[in-house]
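Read through the structure below, which is laid out as structure tokens, and then see the notes.
The values are calculated or read from the model by the stated rules, or taken from the named source; none is laboratory data. Just so it is clear, the model here is predicted, and its values are computed rather than measured. Note that we place each Cβ from the backbone using ideal geometry, even for glycine, and neighbour counts take in every protein chain shown. We work out accessible area using only protein heavy atoms, side chains counted, and drop any ligands, DNA or RNA first. Shrake-Rupley method; radii C 1.70, N 1.55, O 1.52, S 1.80 Å.
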Amino acid sequence: RSSDLNMAALARLRLALSTAPLARNLRPGSARAHAHPPAAASAAFLGRRHYSSEAKGDEDLRVHYLEGEEQGIVVLGINRPNSRNAISRSLVKTMMKTLDSLKTDKKVRTVILRSEVPGIFCAGADLKERAKMHPSEVGPFVAKARAVMNDLADLPMPSIAVLDGAALGGGLEMALACDIIVAASSAKMGLVETKLAIIPGAGGTQRLPRAIGVALAKELIFSARAIDGEEAKAIGLVSHVVEQNDTGDAAYMKAIALAREFISQGPVAVRMAKLAINHGIDRKS
């Protein structure tokens, strides 16, 4: 019986030694303890395997500087889950500050703009917030939103918009300000402002016609029609369309692959190529 007790004690000791490192790693409050919470789909959606550094910025917009083979890629993650990533005063202010910092950072080679909220890229302007604005405040807010889109378009390095979910109104205008749009086939997008008896106010009436042609842009804006990723690819609105995966980040994964192609090229040449294209696109010669 003494031998049985000794064997049982030895087994308990071996078990304790084998699980001790796991217990230390999963102590309450540790990063690994929260890496796979019950809402595992949400964690997987964020593509954490690509977030090799801590996020910077405030809660509305998270900034991730990737490392290793993806060093030079910066991911901007819109994070307003309670308002479907709607464009608020706070988000506009944060984006202006972030873009101002990125445009002078020579180490940044490609910027990816995505959502950190599953199923939505951006639902457009925060209409609840706008309803509380004094009429005199609306004009300046729209002007600042338009300025943010221009700042995004004027980034000296390539930018990629990732539509793993819906991009409506100002959300699509934000995506149109990027150099390249990658979308999941299930993602819905459209400039739907005429449903609200207003018009796109942050560059959509200029950038959509440039992307798909004047007549078709008028048709989509006049009808406030939303289309899916497949149709968007067919008319040239998006550059790539991919089937959505189980974790809801298929477009993001494609964007990462594209960005890795970009960062392997000469950084000055890529910037100069973008500048030449942007300055020449409106010229007839």
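Below are the figures for this structure:
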| item | result |
| --- | --- |
| Enumeration of residues in the range 261-285 that are touching a residue at least 60 places away in the same chain (Cβ under 8 Å) and part of a loop (DSSP other than H, G, I, E, B) | ILE281 |
| Output for the range 226-260, where each listed residue is loosely packed, with under 14 Cβ neighbours inside 10 Å and in a loop (DSSP other than H, G, I, E, B) | GLY236, GLU243, ASP246 |
| Residue check for SER185: farther than 17 Å from ILE78 by Cβ, of a type outside the set (Phe, Trp, Tyr), surrounded by fewer than 18 Cβ atoms within 10 Å (Cβ to Cβ) and within 18 Å of the chain's Cα centre (by Cα) | yes |
| Single residue of the range 144-163 satisfying the filter (open to solvent by 20 Å² or more (accessible area, probe 1.4 Å) and in a loop (DSSP other than H, G, I, E, B)) that is farthest from THR194 (Cα to Cα) | PRO156 |
| Some residue of the range 180-193 being touching a residue at least 12 places away in the same chain (Cβ under 8 Å), over 23 Å from VAL117 (Cα atoms) and small (Gly, Ala, Ser) | no |
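Yes/no matrix, rows are residues, columns are (1) in a helix (DSSP H, G or I); (2) buried (at least 16 other Cβ atoms within 10 Å of the Cβ):
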| position | (1), (2) |
| --- | --- |
| MET189 | no, yes |
| LYS195 | yes, no |
| GLN206 | yes, no |
| ARG210 | yes, no |
| ILE221 | yes, yes |
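Each row is one residue, and each column tells you yes or no for (1) hydrophobic (A, V, I, L, M, F, W, C); (2) in contact with a Lys or Arg (Cβ under 7 Å, 6 or more places away or on another chain); (3) closer than 16 Å to GLY171 by Cβ.
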{"position": "ASN79", "(1), (2), (3)": "no, yes, yes"}
{"position": "ALA86", "(1), (2), (3)": "yes, yes, yes"}
{"position": "LEU91", "(1), (2), (3)": "yes, yes, yes"}
{"position": "MET96", "(1), (2), (3)": "yes, no, no"}
{"position": "ASP100", "(1), (2), (3)": "no, no, no"}
{"position": "ASP105", "(1), (2), (3)": "no, no, no"}
{"position": "VAL108", "(1), (2), (3)": "yes, no, no"}
{"position": "GLU116", "(1), (2), (3)": "no, yes, yes"}
